[in-house]
1. Given H placed on each backbone N at 1.01 Å, which residues far from residue 64 in sequence or on other chains put an amide H within less than 5 Å of it?
2. Calculate how steeply helix 11-20 sits against the longest principal axis of the alpha-carbon atoms of the chain, using the helix alpha-carbon long axis, and give the answer as 0 to 90 degrees to the nearest 10.
3. For region 105-184, what is the convex hull volume of the alpha-carbon atoms per residue, in Å³?
4. Given (1) 6, 28, 37, 24, 5, 0; (2) 6, 26, 33, 23, 10, 2, 0; (3) 5, 22, 29, 24, 14, 5, 1, 0, which label gives P(r) over Cα pairs in 10 Å bins from 0, in percent as computed from the coordinates?
5. Which distance in Å, rounded to a whole number, links the C-alpha centroids of region 208-285 and region 165-185?
6. Using θ = phi - 60° and the Karplus relation 6.51 cos²θ - 1.76 cosθ + 1.60, list the HN-Hα couplings for region 111-118 in order, rounded to whole Hz, with x at every Gly or Pro.
7. Kindly provide the helix-only [θ] at 222 nm of the chain, computed as the sum of -39,500 (n - 2.57) over DSSP H runs of four or more divided by all residues, to the nearest 500 deg cm²/dmol?
8. What fraction of the DSSP beta bridges in region 11-227 is antiparallel, stated in percent and rounded to the nearest 5?
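Read the figures in this text as sums done on the coordinates, not as results from a lab. All values derive from a computational prediction rather than experimental measurement.
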Amino acid sequence: MAMAEDAPLTLNNFQNMMDGFGFDWSGASKVGVAVSGGPDSMALCKLLSGWGADKAIEVHALSVDHNLRAESAEEAAQVGSWLSDWSQVKHQVLNWESPSETAIQEEARRARYGLMAEYCRAHNIEHLFLGHHGDDQAETVLFRLSKGSGLDGLAGMQNVQVYDDDLVLVRPFLDLPKDDLIRFCEDQAIDFVQDPSNENTDFARVRLRRSREILEEEGLSSKRLNVTAKRLSRARKALDSVAEKAYKEAVFKNDTKCTVFKNDVLLRQPEEIILRCVLKALEKFRPEADYAPRMEKVEALLDDLIRSDDFRKRTLGGVIFERDDKAAQLILTRE
């Protein structure tokens, strides 16, 4: 459940929103929150501080120092000083020791999530809060559109997302524009920093952020992009539900080494459902992978599987695909 779009950003409506997520907070003693020092994460940490004081829940504020700028360590320390007297808040700086030379923002993002997830596991924290807001959601949709993403990618970020078996990511601000979070910080006299990398046009997201001004002149506003993402998310959930049912009906054998589909059941499904069944099987064999194989490769395999009379055995994403026409089966085994 996201915060209502037109509701004022107050502790009271934040508490109501937290109750609406459906989590059983009665058994929780601590939560995590990513705090970069920007207005979005500082506003979220402040609201969690008040909520945590009411629920007797400790808030672990996690700042990741990527060591990409000389002043980053000082900025992380500054955030800690700002949070030092906030109720229920415990600040921790996590350091990324091996920055990459290429795809820096993408590598930094993976490192950031990995470090925070590791910290949460070590401290028995099951929920990690993130300050992503409506403008971030709009940029995510545009970024994925530029990369040729399908329906799932264009559905954007989720308010509640399972990260792994031990951690759930929570994004309460996806319906709020960044201006609302800045206004909250200013009204509450909350200090915050502006990351200079947000103005660096070497990064694709920064260039897309600037292009939004042109798109908004044509009516493609952040609000409309967010509405589109919600509608696509609704469609994705429906497709996932159908695919889950089809997967259970089509699977003949399923263990840690092998998944076998009954082709007469699998191949009578619409192509999108077959695709989702195959991706589900791939995910089972690649639980630690950051990304699925490139969609173009999965689609090419799917096209051959459906239309070819002579399906050629092949490997994709470390999984061997083999069609047994005599037994009318599709067999997936770990390479």
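1. 35, 94
2. 20
3. Working: hull volume 8.8 nm³, N = 80.
Value for region 105-184: 111 Å³ per residue.
4. Of the labelled values, this structure produces (3).
5. One Cα centre to the other: 25 Å.
6. Coupling constants for region 111-118: 5, 4, 5, x, 5, 5, 5, 4 Hz.
7. Working: 12 runs with 160 residues, N = 335.
Result for the chain: -15000 deg cm²/dmol, rounded to the nearest 500.
8. Numbers: 4 of 21 bridges.
So the antiparallel bridges amount to about 20 percent of the total.
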